[in-house]
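The values are calculated or read from the model by the stated rules, or taken from the named source; none is laboratory data. No experiment lies behind these values; they were computed from the predicted model shown. Please note: Cβ atoms are built from the backbone with ideal geometry, for glycine as well, and neighbour counts cover all protein chains shown. Accessible surface areas use protein heavy atoms only, side chains included; no ligands, DNA or RNA. Shrake-Rupley method; radii C 1.70, N 1.55, O 1.52, S 1.80 Å.
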Amino acid sequence: MAYRRLLLCLLLVAAAAPSARETIGVFGGWGAFRQGPNCYAIARPVVAQGRVGGYAGIGTWPGKGLRASLHLHLSRRRAPDRPVTLSVAGRRFPLVGTATDLWAPDAPTDRAAVAALRSARAMSVEAVDTRHRPFADTYALAGAATAIDAATLACVAR
């Protein structure tokens, strides 16, 4: 049921987006899209404790030399002085960024995090909000690897 709602949300977002965005496909709870020269796989958290607005994206941006690069947008603003951690299959990865947008701190961590999520069932992003309350955005990863591959191939094959 949750996957159907997520799929419907992804399709509605894609339909409402500017015509320059092309749907490559929807795989499990993940969608793959092309927008101009860039491609990405994207999903919303399945658990965000009632908050909306968060998403996880794995993007290929040929003009910037990025391929399958992780980007997370939190469902809540985080405290700037507190660390943020991505947990995937028992592995923990530090993240850096703004109050709401996060990335891996370097290319090796980015590659390791994306490799880990490709074969895992779920991932979570743990942070502390501006009121000093811990929170986590949790993502189901069914379809993530296929969506990442589809997005990467759509940009590389051009």
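Yes/no per residue for (1) in contact with a strand residue (DSSP E or B) (Cβ under 8 Å, 6 or more places away or on another chain); (2) among the hydrophobic types (A, V, I, L, M, F, W, C):
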residue	(1), (2)
G90	no, no
P105	yes, no
P134	yes, no
A147	yes, yes
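In the stretch 30-43, the residue that is least open to solvent (accessible area, probe 1.4 Å) out of those that are touching a residue at least 40 places away in the same chain (Cβ under 8 Å) and over 14 Å from D149 (Cα atoms) is A43. Of the residues making up the stretch 115-130, those that are outside any strand (DSSP E or B), in contact (Cβ under 8 Å) with a residue 24 or more places away in the chain and either surrounded by fewer than 18 Cβ atoms within 10 Å (Cβ to Cβ) or in contact with a Leu (Cβ under 7 Å, 6 or more places away or on another chain) (or both) number 6. A145 - would you say it is crowded, with 17+ Cβ neighbours inside 10 Å, closer than 13 Å to L70 by Cα and over 13 Å from the mean Cα position of the chain (by Cα)? So A145 does not fit the description; no.
Name, by its number, the condition in (1) outside any strand (DSSP E or B); (2) modelled with pLDDT of 95 or more; (3) of a type in the set (A, V, I, L, M, F, W, C) that does not hold for V52. Tallying (1) outside any strand (DSSP E or B); (2) modelled with pLDDT of 95 or more; (3) of a type in the set (A, V, I, L, M, F, W, C), V52 fails exactly one: (2). Check whether at least one residue in the stretch 67-78 is aliphatic (A, V, I, L, M) and surrounded by fewer than 18 Cβ atoms within 10 Å (Cβ to Cβ), and report yes or no. No, because not a single residue in the stretch 67-78 is aliphatic (A, V, I, L, M) and surrounded by fewer than 18 Cβ atoms within 10 Å (Cβ to Cβ). Against the list (1) open to solvent by less than 30 Å² (accessible area, probe 1.4 Å); (2) in a strand (DSSP E or B); (3) in contact with an Asp or Glu (Cβ under 9 Å, 6 or more places away or on another chain), the condition G57 fails is (3). Please work out if A32 is in contact with a helix residue (DSSP H, G or I) (Cβ under 8 Å, 6 or more places away or on another chain), of a type in the set (A, V, I, L, M) and either under 25 Å from E126 (Cβ atoms) or in a strand (DSSP E or B) (or both). When the stated conditions are applied, A32 passes them.
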